[in-house]
1. Over the alpha carbons of the range 36-185, what is the largest minus smallest coordinate on each principal axis, giving the biggest first in Å?
2. Stick to Cα atoms and the Kirkwood definition of Rh, then tell me Rg/Rh for the range 369-513.
3. With no solvent and one equal point scatterer placed on each C-alpha of the range 611-758, evaluate the Debye formula and give log10 I(q)/I(0) for q = 0.08, 0.09, 0.14, 0.18 Å⁻¹, two decimals.
4. Could you give the length gained by full extension between Val490 and Lys58, i.e. 0.36 nm per residue of separation minus their alpha carbon distance, to one decimal place?
5. Roll a 1.4 Å probe over the protein chains and send me the accessible area per residue for the range 581-663 in Å².
6. Hey, what D do you get for the range 161-244 in µm²/s if you plug the Kirkwood alpha-carbon radius into Stokes-Einstein at 25 °C and 0.890 mPa s?
7. Once label points are set 7 Å from the Cα along Cα→Cβ at both Val111 and Lys43, what is their separation, rounded to one decimal in nm?
8. With every protein chain present, what is the per residue accessible area of the range 75-156 (1.4 Å probe, Å²)?
Amino acid sequence: MPPSPPPPPRPSPQTAEIPLDLYPTDDDLQYEEEILRNPFTLKLWWRYLIACSSSPFKKRSLIYERALKALPGSYKLWHAYLTERTRSARSNPVNHSCWSSLNNAFERALVTMHKMPRIWIMYLSVLTHQKLLTRSRRTFDRALCALPVTQHDRIWSPYLAFVSQKGVPIETALRIYRRYLLFDPTHIEDFIEFLIESELWQEAAERLAGVLNDDRFYSIKGKTKHTLWLELCELLTKHATEVSGLNVDAIIRGGIRKFTDEVGRLWTSLADYYVRRGLYEKARDVFEEGMSTVVTVRDFGVIFDCYTQFEESALAAKLATMDLEGDGVEEGGDKFAKKVLDGYWLNDDDDADLRSARFEYLLNRRPELVNSVLLRQNPHNVEQWHRRAKLFQDDPTKQIMTYTQAVRTVDCMKAVGKPHTLWVAFAKLYEKHGDMANARVIFEKAVQVNYKTVDNLASVWCEWAEMEMRHNNLMGALELMRRATAEPSVEVKRRVAADGNEPVQMKVHKSLRIWTLYVDLEESLGTLESTRAAYERILDLRIATPQIVINYAYFLEQKKYFEDAFKVYERGVKIFKYPHVKDIWVTYLSKFVKRYGRTKLERARELFEQAVEKAPAENVKAIYLQYAKLEEDYGLAKRAMKVYDQAAKAVPEAEKMNMYEIYIARAAEIFGVPKTREIYEQAIESGLPDKDVKTMCLKYAELEKSLGEIDRARAVYVFASQFADPRTDQNFWAKWHEFEVQHGNEDTFREMLRIKRSVSASYSQTNLILSEYLMQKEDIGDALKQAGVTEDEMAALERQLAPPPIDASSNDGMRKLGFVSAGVEGQSGVVLTPDGGRKVTANQEDIELPEESDSDEDEKVEIAQKDVPSAVFGDLAQKVSSDKDEDEVAGQNGDDSRLGALERIKRQRRQ
């Protein structure tokens, strides 16, 4: 290969005007050759610049200059060139010569790039960085003139940021902002903020007021008219002396009328405006007006707090200046004013006492002012009017004025509370001060008011009558009640019907409250005929209560009109139904029995039968007991037992047990203990709950044991065992165990233990079946729900899947016993007959017990014997000696009809 030609000779550094590093290198020759061939191709210049990206900026700037000389209209070259020059100049201070070269480059670029906003923005940022205010402002103006209007928004943003810098004259900034608002009026809020920051309060207030008056204004910052109004009020009040030309009072009052949620704040702003202007009396007037017009306690609290602070600060300022009074030198004008106004108390400089009294008076008026606010919220609030009257309890004149205003203001149809209490309190105020004439006038007006309810008018009539009674005008009170209960005439009813609005005065004659007071006055002051007429009128109007009926009957009884009293009871039981008639029946029956006794026994029985026929189950017990007492005292013992039997069947399930206990006790006392056997059997078979059946069986067993009937008692224990779970009812099995120890033998004891094990296994099996059934029920229920089966179908399937009830007779050794004719079939196969005999039956369910016995069976059982007690014959034998004398006297007289069932049985048994 031939050697390469030597490089061209280069001038020496001493004689060269251009540095060597700026000359093209060997790598640059190919780019230079291409450029020489096509100097107007941007692609070639751009490839050359990319290849020289690692070269010094000076070399690249020469290339940029050569390229821009060939292509002066290339935006890409100018943008890249200016960007690199700006980046290189940033590292130098602003007074360096490179910044001037950069500015010249931008100017040269704008010759052809004056329509490019990005070039303008770069140039403006460079000028702003150099703090060249005048040149920057003029360049901004040139940019706005050169660019179309559609691109001005890109210039105005840096322009406004430029004029907002410190050092820019305020007048210059104002002129620029005003020009900007001509371009975009929606940014007036930025101008207002600039004015406030620049402390130009007058123009800021004017601009803000203009914004609020413009109905088409829309805030780009999301501020509402309410927020802007509050800003204007704050601006006007805090700078009251700097702002003029605006009617501040009208502006703030307009805001008070328009924005009701900030009334308190606006009133305080208006007062603060006058305080800053030095118009203190005008500020007090504003505070007073605000407190007398606001309708919420919150706004009142804001105004009152500011008012108190104002008065307190005024008093403190006066006290602080009193010590310095006389130290200063009075001017000639002040001396003349003092000389002219000398002697006037308003011109007194020492007004500290006046300010102190004004402050104290303001604090004392707070409860009254708060009450006024609440009444402005709702002028028909009766309770607030009463509270207002109590505030003036030391001033009767103000109380009268308050009540007068209250009865005129409160509308009875809109009132919150009882409006008639205002009239009553008004009349009592006059009564308290001894002015009865005016009190009667107030009541006379009160009874003519159309209240919302009849009870309100009735209360007024009653209060009027009670006032008359307090002043011993009893006949006047009676006449008032007669007037209140008088029915309106037909003519009045026709006229009211024509009007279509029936007032309560047309219904007050049916008010039970008035009639109750009226009959009380008639009973005390009137005659028998007038009182009966009043009661009869109550019954005719169908407004009577059970207590009215009882009172009427009691009044007739006091007057010895017993039959008339019973007629009243009869009317009462026909008018009312249960549960209201219960008291009337009880009183009626007790009074009738007490009055007539056995003389009208059949009539009494009819009354009792009628009472129990109409009485519900929960109220029938007391009547049955009263009925049975009647039969015991004056009737037949068998009828008394029949009544007890009916009562035990009629009472609710919860009271059956108690009723049977009473039934058994009375049967034992009258007929003796053996009579109670059939009652016990009836109670056990009557469907009592298991707990009560078990209790009844225990009592039955105790009875048989006391009578010496051991087998009967054991059979009862066997029957009751099916209701006693050995795991929970230890008391029952302990009693049976004790019974077998005293009266049983080894076989009976074994039988008890076998039954106990059988019952325990039965209850365990029941719990297991029940738990499995519940789990199965839940699974089936979930499956049916998923399948879409309704609840009713699910309930039917549950009833089909439910296990059959456990039959006690199916258990080992357990057979339900039936009590027939007092015969008890025991578990051991013995049947007790009524005649005392025994019938042995085969036990098909015998269980062969092993020879080994349980631990309990190894115990030695001792059998105790007990004689038949005298209780078999009841309490009759105990009462023979005590009743002997009475029977002899009755036998001598031969009056058997006057004796009751119990006494006749005693006599028959003694005979």
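The values are calculated or read from the model by the stated rules, or taken from the named source; none is laboratory data. Note that the structure is predicted; figures quoted are calculated from it, not measured. So basically every Cβ, Gly included, is an ideal-geometry build from the backbone, and we count neighbours across all protein chains shown. Each accessible area value is taken on the protein alone, full model and side chains, heavy atoms only, with ligands, DNA and RNA left out. Shrake-Rupley method; radii C 1.70, N 1.55, O 1.52, S 1.80 Å.
1. Answer, in whole Å and largest first: 56, 34, 18 Å.
2. Details: Rg = 16.3 Å, Rh = 16.3 Å.
That ratio is 1.00, to two decimals.
3. Cα-only, vacuum Debye calculation for the range 611-758: -0.27, -0.34, -0.72, -1.01.
4. Numbers: separation 432, 0.36 × 432 = 155.52 nm, distance 12.25 nm.
Residue separation times 0.36 nm, minus the Cα-Cα distance, leaves 143.3 nm.
5. Values: 3780 Å² over 83 residues.
About 45 Å² of surface per residue is accessible.
6. D = 183 µm²/s.
7. For Val111 paired with Lys43, the spin-label model returns 2.9 nm.
8. Working: 4020 Å² over 82 residues.
Counting only protein heavy atoms, the per-residue value for the range 75-156 is 49 Å².
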